[in-house]
1. Return the total of residues in the range A:203-221 being over 26 Å from residue A:331 (Cβ atoms) and either over 23 Å from the mean Cα position of the chain (by Cα) or in the same structural domain as residue A:76 (by TED's automatic domain parsing) (or both).
2. When both residues are 6+ apart or on different chains and their Cβ atoms are under 7 Å apart, which pairs have a first residue that lies in the range A:44-64 and is in contact (Cβ under 8 Å) with a residue 60 or more places away in the chain, and a second that is part of a loop (DSSP other than H, G, I, E, B) and more than 11 Å from DNA strand D (Cβ to nearest atom)?
3. So which residues in the range A:310-329 are surrounded by 20 or more Cβ atoms within 10 Å (Cβ to Cβ) and assigned to a helix (DSSP H, G or I), if there are any at all?
4. So, of the residues in the range B:31-71 that are part of a loop (DSSP other than H, G, I, E, B) and away from chain A (no Cβ under 11 Å), which turns out to be surrounded by the most Cβ atoms within 10 Å (Cβ to Cβ)?
5. Has the range A:220-237 got any residue that is of a type in the set (D, E, K, R) and in contact with a Cys (Cβ under 6 Å, 6 or more places away or on another chain)?
6. Out of B:149, B:77, which single residue is more than 9 Å from chain A (Cβ to nearest Cβ), in contact with a strand residue (DSSP E or B) (Cβ under 6 Å, 6 or more places away or on another chain) and either aromatic (Phe, Trp, Tyr) or within 21 Å of residue B:313 (Cα to Cα) (or both)?
7. Please determine whether any residue of the range B:46-54 is on the phi > 0 side of the Ramachandran plot and away from DNA strand D (no atom under 16 Å from the Cβ).
8. Identify, from the list A:77, A:56, the residue that is among the hydroxyl-bearing types (Ser, Thr, Tyr), in contact with a Phe, Trp or Tyr (Cβ under 8 Å, 6 or more places away or on another chain) and within 15 Å of DNA strand C (Cβ to nearest atom).
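The values are calculated or read from the model by the stated rules, or taken from the named source; none is laboratory data. It should be emphasised that the depicted structure is a prediction, and the values quoted were computed from it without experimental measurement. Glycine gets a Cβ as well: all are built from the backbone with ideal geometry, and neighbour counts include every protein chain shown. Surface areas here come from the heavy atoms of the whole protein model, side chains and all, with no ligands, DNA or RNA. Shrake-Rupley method; radii C 1.70, N 1.55, O 1.52, S 1.80 Å.
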2 protein chains.
Amino acid sequence: MDRAVTISQVAALAGVSTGTASKALNGRGALRPETRLRVQQAAEQLGFVANAAARSLQTGRTYTVGMITTDSIGRFSIPVLLGAEDALGAGQMSIFLCDARDDPIREQYYLRTLLSRKVDGIIVTGRRTQARAPIGVGLPVPVVYAFISSADPQDCSVVPDEADGSRRAVQHLLAIGRRRIAHVTGPEHHHSATIRAQGAVDTLAAEGLRLATPTLYGEWSEAWGRQAAGILLSTGADVDAVFCGSDQIARGLAEALTKAGKVIPRDIALVGFDNWDVMVDGCQPALTSVDMDLEGIGRTAAERLLAAINGSPAHGQHARPCRLVPRASTAV
Amino acid sequence: MDRAVTISQVAALAGVSTGTASKALNGRGALRPETRLRVQQAAEQLGFVANAAARSLQTGRTYTVGMITTDSIGRFSIPVLLGAEDALGAGQMSIFLCDARDDPIREQYYLRTLLSRKVDGIIVTGRRTQARAPIGVGLPVPVVYAFISSADPQDCSVVPDEADGSRRAVQHLLAIGRRRIAHVTGPEHHHSATIRAQGAVDTLAAEGLRLATPTLYGEWSEAWGRQAAGILLSTGADVDAVFCGSDQIARGLAEALTKAGKVIPRDIALVGFDNWDVMVDGCQPALTSVDMDLEGIGRTAAERLLAAINGSPAHGQHARPCRLVPRASTAV
DNA sequence: AATCGCTAGGAAATCGATTGCCTAGACGCT
DNA sequence: AGCGTCTAGGCAATCGATTTCCTAGCGATT
């Protein structure tokens with residue numbers, strides 16, 4: 001609980017002025033090498049760590065960015081966060097994490113806090129239902145939206161290209177010879193559900209095909225997957241593959257279909273979406289899935305934010321391609 | 001991109017000195033109510049937000065704590081983080097999040113960064129294998145370990161009482177009339193696995209009972225759960241309940257047992273550990289599980305940290321009780 | 001009317017690091 | 001020997017907010 005060492009103590013020990021000490025430690029100014037070394041040794045000896053507040057007061061830079069997750073920090077924001085941390089850590093920046101929990105009041109409060117702390121930039125992320133209202137206008141710092149996108153097209157957003165993901169999933173199913181493909185997904189009012197469904201329909205259309213049954217909208221849950229399996233089986237639809245809007249739905253389907261005597265992938269092939277480890281590995285057989293590369297999104301968002309901080313802001317929405325990860329559920 | 005408003009601009013607009021403006025905004029000093037109001041209105045009008053760096057330089061407080069997760073931020077550290085955020089947010093403190101990714105170098109680097117930023121305190125969390133070495137000695141700020149514990153008994157750690165969790169699980173099974181209880185858990189070298197197993201054994205011993213089979217150690221995965229089911233069935237062990245070291249293991253067991261024709265809970269009752277929503281809800285039937293209340297741990301850790309910051313440090317390890325959440329897998 | 005006591009608010013130091021400006025002294029050149 | 005040049009390093013202002021005096025001015029009291 002010793003109070004902190006200041007640069008003047010280092011300067012005193014090295015027998016120089018504080019200004020000189022500062023220059024020595026920051027590699028600035030014209031100093032004799034031995035002087036520089038003497039100061040560095042003094043700093044080392046005292047365990048000196050510069051006070052970031054004092055430094056940023058002077059320089060105007062804090063080497064800090066704020067990250068606001070609109071929904072509660074969860075499965076989707078974590079990888080984004082990690083990716084951002086990765087990209088920023090290399091630039092020696094720290095992250096202020098704020099969890100707005102879907103509450104606009106909290107969100108504005110956090111925004112204010114971040115501005116008061118003079119962060120160099122802000123990353124906004126959150127569950128992806130649809131484009132969100134900009135978090136603020138005329139802010140004194142750059143903002144990048146990650147995973148979620150801003151309704152203002154001038155804002156910089158980095159999002160997964162979900163239609164691309166659907167395309168890859170469906171093309172994979174076509175490639176293994178399936179033609180009677182069904183699609184089971186989340187709630188119709190959810191942006192991701194509709195865009196993924198549309199992607200599937202479009203991809204099939206390009207091949208002159210259609211979905212084997214109309215898209216089944218429901219919830220993002222295993223229970224719905226099980227239920228949907230029942231629907232598919234009971235209607236007697238002739239289906240040889242199901243592309244699911246999420247891994248959870250796919251897993252529910254897998255369970256129910258297996259129970260009903262269907263063999264996956266022989267009778268029915270399955271593709272999920274999210275590539276969520278516990279789901280794809282826990283599923284029997286292991287589930288082929290679409291990976292949105294959330295870490296990559298976080299990393300890209302952080303890079304764009306850094307660029308904006310350094311004076312080269314990017315605008316508009318950047319959609320990143322998805323990746324298909326084939327596993328046993330589509331292994332022919 | 002307007003540069004920030006300073007307190008002297010507010011003071012000028014209100015026709016007072018900066019000192020007076022500061023007092024007005026912070027409710028200090030002796031000012032006429034109308035003066036105070038005038039300053040507040042000026043601040044409002046200009047959108048003034050105090051520069052945290054300048055303030056902390058003066059006051060020595062940053063209203064910021066650092067949170068270092070030793071392993072990559074994951075399933076266990078998130079709830080802890082949320083709980084801490086909750087407790088700290090109420091005190092208007094912000095969190096610096098640092099992900100050390102099991103790398104001691106990163107960890108020390110982050111520690112240094114946090115000290116340079118003059119955080120008021122540090123919370124260390126991470127995957128729980130066993131007590132970890134203290135993150136530093138003689139640090140100028142208080143440190144609290146959450147979920148994981150420090151090897152130094154003088155340090156303050158807040159951890160789940162896993163033996164208590166086991167006791168609750170086993171007593172619940174006893175209460176619904178089961179006597180031939182098996183235990184399937186993770187790797188033997190994992191602290192949580194051994195302590196949970198011991199808790200189960202002790203609880204049974206207190207009733208004059210023993211495990212129906214020796215504890216089955218394996219991995220924390222569904223695959224191991226399925227494999228363990230095979231072992232239990234093939235050895236012909238007469239078992240009417242299985243207490244599992246994790247929800248994933250339990251789910252694997254549930255699947256394999258059901259497939260083998262056993263009815264859960266009629267033939268075999270199941271209890272998991274972690275109360276992980278996607279597992280307990282996805283399991284069929286829904287899984288009874290032990291909840292370690294990770295959010296509560298985060299909250300408690302944050303509270304203890306705040307107490308330490310305010311001069312009342314706590315020492316030693318604080319074990320918090322678990323909670324049993326009964327569901328269909330043990331419903332008689 | 002003179003003194004005392006208050007109150008409201010101002011002046012200036014302070015926190016710690018950075019940085020532009022300035023100068024002492026060494027060296028070189030004619 | 002005298003002058004110019006260059007280098008190493010010191011001085012002091014600065015960032016923005018807080019806080020400790022300190023004082024002007026007003027009212028009350030005897």
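1. 5
2. Short answer, once both residue conditions are applied: A:56/A:62.
3. The one that is surrounded by 20 or more Cβ atoms within 10 Å (Cβ to Cβ) and assigned to a helix (DSSP H, G or I): A:329.
4. Within the range B:31-71, the match that is surrounded by the most Cβ atoms within 10 Å (Cβ to Cβ) is B:70.
5. no
6. Within the list B:149, B:77, the selection yields B:149.
7. For the range B:46-54, residues on the phi > 0 side of the Ramachandran plot and away from DNA strand D (no atom under 16 Å from the Cβ): absent.
8. A:56
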